[in-house]
Amino acid sequence: MNNWKMVTLIGEDQPGIVARITDALYQNDLVLGETSMMRLGGNFSMMMMVSGERDPNTVLAAAAERLDLRLHVDDIAGKLHQHIAPNIQVRVMGADQPGIVAKVTGVLAAAGFNILELESDVAGTTENPVYIMTIQGVSETVVEVLQQAVEGLDEEGVDVTVSAIETLFA
Amino acid sequence: MAILEILKIPDARLKQISEPVAQFDDALHAFIADLEETRQMGPAAVGIAAPQVGYFQRIVILDCSQTRKPVPNHGHLILINPEITHWDGFELGREGCLSVPDYTGNVIRAARITLVAQDPQGDRHEYEMKDFEARALQHEVDHLDGLLFLDRVVSRRTDLFQRKVYQKGANKKRKAANKAH
């Protein structure tokens with residue numbers, strides 16, 4: 001159970017992808033660890049930690065072909081129960097323009113911020129697209145300093161808000 | 001004093017609804033001492049509820065005075081038969097739980113609450129709580145009603161971005177405030 005593989009599947013969205021793929025894994029004694037699955041722009045993307053004796057490439061080949069999904073498998077060194085709790089959240093919003101993610105994350109990286117999770121989307125309308133991004137991560141740099149670091153992006157019409165995440169543990 | 005065993009998911013007893021405390025006696029006080037000792041044993045829990053140790057009475061201990069960043073709080077509280085009488089606003093925040101090892105999730109809670117509760121002697125008190133302390137209290141009262149934060153987790157994608165929209169210009173305001181200093 002210790003040798004995890006990262007299995008990635010991508011293809012046009014349709015009902016039943018998760019059910020068929022995970023059933024093929026289950027029928028072949030492959031188990032799931034952490035996964036992330038999401039519809040992005042009409043495509044469905046799956047990232048799954050998978051462990052077991054058999055090769056996911058062989059096990060999933062038929063289902064992937066039937067569902068017209070591209071399949072990719074990597075050996076990884078990952079383990080379960082390695083969660084890091086985020087302590088900083090960054091919200092970004094602005095008129096869509098090239099480079100928003102690169103600029104914001106560039107500033108954060110320079111301040112020693114490690115991204116654990118990033119989600120971005122384009123809201124608004126086709127004429128007036130608005131880029132929205134939320135980032136959760138860890139940093140030893142305090143919120144005020146990070147906020148100051150991203151303040152310069154204000155002038156470029158990008159609203160960046162840095163806030164602390166105090167995870168309630170009760 | 002004794003350290004009690006904390007029930008962990010998927011223990012079905014965590015779904016049990018707790019009964020109001022009727023006797024404010026030595027047995028209650030002894031249990032509270034054990035519950036407090038148990039809370040302090042774990043990794044820095046700001047609260048604990050009696051049903052988490054399999055004692056299905058409406059008893060909560062709350063202490064938000066030791067957070068990494070100080071938050072508004074009422075210090076160490078022992079709350080018997082707590083009842084939330086007023087809710088106001090809502091906020092998204094990340095929660096974890098002694099009964100749910102190695103998992104945290106985002107939960108929407110009221111930002112401000114009014115609470116009525118009895119103390120270990122049975123006297124009634126009213127509290128106005130906000131933000132983190134209000135969140136912690138709601139998390140604990142949920143335990144008394146057989147609910148875990150897992151029952152309220154929202155998708156990570158369901159961020160309350162709208163909240164920030166009406167605060168647009170906050171950066172500029174803060175800048176102006178900084179300049180004024």
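The values are calculated or read from the model by the stated rules, or taken from the named source; none is laboratory data. These numbers come from a predicted model, not from an experiment. Heads up, the Cβs are rebuilt from the backbone with ideal geometry, glycines too, and the neighbour counts pull from every protein chain shown. Protein only, heavy atoms only, side chains kept; ligands, DNA and RNA dropped before computing areas. Shrake-Rupley method; radii C 1.70, N 1.55, O 1.52, S 1.80 Å.
What the table below lists for this structure:
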{"quantity": "Residue satisfying condition, being of a type outside the set (Ser, Thr, Tyr), touching a residue at least 12 places away in the same chain (Cβ under 8 Å) and open to solvent by less than 60 Å² (accessible area, probe 1.4 Å), within set A:104, A:145", "calculated": "A:104"}
{"quantity": "Residues satisfying the stated conditions in the range A:5-20, i.e. within 20 Å of residue A:76 (Cα to Cα) and open to solvent by less than 40 Å² (accessible area, probe 1.4 Å)", "calculated": "A:7, A:8, A:9"}
{"quantity": "Residue list for the range B:41-74, filter: open to solvent by 20 Å² or more (accessible area, probe 1.4 Å), more than 13 Å from chain A (Cβ to nearest Cβ) and within 15 Å of the chain's Cα centre (by Cα)", "calculated": "B:58, B:65, B:74"}
{"quantity": "Test for residue A:156: is it facing another protein chain (nearest Cβ under 9 Å) and open to solvent by 20 Å² or more (accessible area, probe 1.4 Å)", "calculated": "no"}
{"quantity": "Hits in the range B:5-24 (condition: among the acidic types (Asp, Glu) and within 21 Å of residue B:151 (Cα to Cα))", "calculated": "B:11, B:19"}
{"quantity": "Complete set of residues in the range B:91-130 that are within 27 Å of residue B:9 (Cα to Cα), exposed (fewer than 14 other Cβ atoms within 10 Å of the Cβ) and in contact (Cβ under 8 Å) with a residue 60 or more places away in the chain", "calculated": "B:101"}
